[in-house]
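Worksheet: the structure to be examined is printed underneath.
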Amino acid sequence: MASSTRSPDGRRAEPERIPSSGGTGLTAVDEPDPVRARRGTLLAVVLGLVGGLGVASAPVLQAVRTVDGAAAPSAVGAAAVWAAVFAVAAPVVAVPAVLTRRTAVAGALLAGAGAVSVGAAVLDTQLWSDAIDANRLELFRPETAAELAAGTGAYAALAGHALIAFAGLLGMVAVHRASLMDGYGDARSAEQVGRATGARIGFLPSAVAVAAAVVLVGALFAPAFVSEDPVILVPTVVESDLAASAGAGILAAAVLIVVASALASISPPVASGALVGAGLAALGVVGTRLVAGLAAGERIQPGPGAVWGTVGAGVLVLVGACIPMVDRARDGRILKTLAASPSAAAQGGPAKPGAVTPSAKGVAKAALRAEAAAARARIARWHVAAGATGIITALLAAAGALLPVLDIPGDTARPDVYATRVVLVAALVLVVSCVWLLLSEFASAVRPAVGVLWVTIPYSVAAVSQSVVLATDVPGIGAGIGAVLLWCAAVTAGVTGVLTWFAGSAEREEIDTSDEPSTSTPVLAVGGLGAVAAFVGLGLPLFHGTDARGDEYAPASFAEIPWNLDVWGRVLLGVAVALAVIVASRARPDRAVALLLGSAVAVGVYLVSWPLTVARVTDPEMGAGVVPATVGIVLIAAAAALTARRRNR
């Protein structure tokens, strides 16, 4: 507040700022400095360019060397060029954004590329642990089975990806600074201001972005090459070296986080930059594999992972580039609709002769009622979409569990795959919870639970897939129609989770978020201990005994590396439960209760796999994972009870 008075000689005094009496608002000193933000973003761009050049120089500097002193294998030239171009693509695209003072867009480009580069850096570490099976044809193509060691180029590639990741961190800082400035997330129509990008661009573009991310994530775990070369072996990702499997997992998580964050951002240009940056960086990984497979010669062909991964990454770039145009087009249509509405006449527009002009107060109330009705309809559409997709997922999973998961010759006895019983339980739990999403009066209360329960489908399908992978190693046995349906169910389960998240975002748009939510320490402590106990239980076998061959058998634990598909499914379930507990500690009480109860039920689905699959061994005994899993369920349920008690006060 400023004060202006006259001095004793009659002149007007200069205005003075009256300091706040202990307030915490931003002062002129605290406000973001655009010049400083631009300099920080420029530094991030420079680091990104240097990192990209480091990655591009890796083939020239020789990524590997032979231990016996022989000549090091050379790279596939076309793949090396492709990798070099896309290593610097995101920083180069960010340069004009910085020059035109669009620091938020430049920061988002770097942030998207940096997130993907974290996974790429982990993939680089395989050059030290198992270089010959790294299948990095853009760096080297082994011609013999001679032992290889990491060379100078390996250090350049790892340092380059690390620099790009650090540039992405600086880009996130730039985006955060821009979000504190006036006009961030602005739009021409008031209805679009402050809304998430996914809501601003509509369902179809958002769904395409999510589908592209899902395809890309799935492709990361599919074979990158089809090789007939005896030197170049292409094992499945989950059975590869730890660096390869962990790198693929981190890269997949990075893509999903970037896409989710972009669609949740209130600034479409920032969302556009994040998707384009992540897509370009992903093309540097999966696109390079495609080019290498095409250019490596007759004995090597690109695998489905390279083909579909390139398609998914390319669609991400395309959707990201189109987001600003789609947002402007929808914004313009909203303005035309408002201009043609009857309220425009009431606010000064032309009116028909004899028409009754409503008062301004009446027009405002009518507009508020219409906006509230539109919001309720929008939330209901998200609930119905999530519920319907969840029901379809459950039906696919149940059908896949009941149909043959193995295609075997007719004269061979069909083995029992006991993990399909767990799929049936997970499908039953999911379909029961998703039915409530179709009922508007219960949908908001049940929606958080579905946000966790969908994970039980990919978890249980992973266990079946492990059995299928082992069985198909036998000549003449292949994957059956049931396995195909289960894999489709795992994909649609992920779509269900995304739609559930969109429904939650739509719900949050209609509540007062001016007050910063506080963390419930008791819920976080009790629920956190429950999540840790559940994770320990997931990492330990539930039973052990003697198998049909007389050998001691127990399900794989987290300590057995490399992890198989079954373990990866349990890791996914454990991470989902841990994240749900963290979110519940800061959520509204009613939503937190549903989230915690859904987490407890999800761990319960894992626990019931003990009696459902124990028949695979004789003389079974309880394993070490039963007690911690049970304790985890009890503690998470106790956290839900604490939350319910807090709500009733």
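Counting just the Cα atoms, what span does the range 225-279 cover along each of its three principal axes? Round to the nearest Å and put the largest first.
Answer, in whole Å and largest first: 51, 20, 11 Å.
What do you get when you divide the Cα radius of gyration of the range 596-638 by 2.2 N^0.38 Å, with N the number of residues?
The value comes to 1.27.
At 0.36 nm per residue, minus the direct Cα-Cα distance, what do GLN301 and LEU318 gain on full extension? Give it in nm, one decimal, please.
So the chain would gain 3.5 nm between GLN301 and LEU318.
Going by average Cβ density within 10 Å per residue, which order do the peptides 136-142, 602-608, 124-130 take, highest to lowest?
136-142, 602-608, 124-130
Based on the alpha-carbon set only, what is the convex hull volume of the range 77-141 divided per residue, in Å³?
So the per-residue hull volume is 72 Å³.
Dipole magnitude of the range 147-246 about its Cα centre, charges +1 at Lys/Arg Cβ and -1 at Asp/Glu Cβ only, in debye to the nearest 20?
Magnitude of the dipole: close to 640 debye.
Rounded to a whole number of µm²/s, how large is the Stokes-Einstein D of the range 426-465 at 4 °C and 1.567 mPa s, given Rh as the Kirkwood radius over C-alpha pairs?
123
At LEU61 and ARG645, where each label point lies 7 Å from the Cα along Cα→Cβ, what is the point-to-point distance in nanometres?
5.9
How high is the FRET efficiency from VAL432 to TRP128, r the C-beta distance, R0 56 Å, rounded to 0.05?
My answer for the efficiency is 0.70.
If each of ALA445 and VAL35 carries a label point 7 Å out from its Cα toward its Cβ, how far apart are those two points in nm?
With each label point 7 Å from Cα toward Cβ, the separation is 5.8 nm.
Along the principal axes of its C-alpha atoms, what lengths does the range 520-570 span, in descending order and rounded to whole Å?
52, 21, 14
What's the long-distance tail for the range 190-325, i.e. % of Cα pairs beyond 25 Å?
Result for the distance tail: 32 percent.
Take the Cβ-Cβ distance between ALA146 and LEU53 as r, set R0 to 25 Å, and report the resulting FRET efficiency rounded to the nearest 0.05. Before the final figure, lay out the partial values.
Numbers: r = 30 Å, r/R0 = 1.20.
That pair, ALA146 with LEU53, gives E of 0.25.
What is the Å³ per residue value for the convex hull set by the Cα atoms of the range 403-456?
So the per-residue hull volume is 76 Å³.
Sort 109-122, 494-507, 395-408 by the packing proxy (mean of other Cβ within 10 Å over each peptide's residues), most packed first.
So the order, starting with the most tightly packed, is 109-122, 494-507, 395-408.
Quick query: amide H of LEU148 versus all other amide H atoms, modeled in the peptide plane; which residues come in under 5 Å with a sequence gap of 5 or more or a different chain?
The answer is ILE132.
Using every Cα-Cα pair within the range 386-526, state what percent have a distance larger than 19 Å. Display every interim value, and only then the final one.
On the way: 5592 of 9870 pairs.
Summing the P(r) of the range 386-526 above 19 Å gives 57 percent of all pairs.
What's the extension gain from TYR418 to ALA377 if we count 0.36 nm per residue and subtract their Cα-Cα distance?
Difference between extended and current length: 10.5 nm.
What is the Cα convex hull volume of the range 377-441 when expressed per residue in Å³?
It is 66 Å³ per residue.
Given labels modelled 7 Å from the Cα in the Cβ direction, how far is it in nm from LEU169 to VAL46?
With each label point 7 Å from Cα toward Cβ, the separation is 1.9 nm.
Based on the Kirkwood radius over alpha-carbon pairs, what is the Stokes-Einstein translational diffusion coefficient of the range 473-631 at 25 °C with 0.890 mPa s viscosity, in µm²/s?
It diffuses with D of about 135 µm²/s by this estimate.
Readers should treat all values here as calculations from the given coordinates under stated rules, not as data from a laboratory. Everything numeric in this text was worked out from a predicted model, so none of it was measured. Positions of Cβ are backbone-derived with ideal geometry, glycine not excepted, and every protein chain shown enters the neighbour counts.
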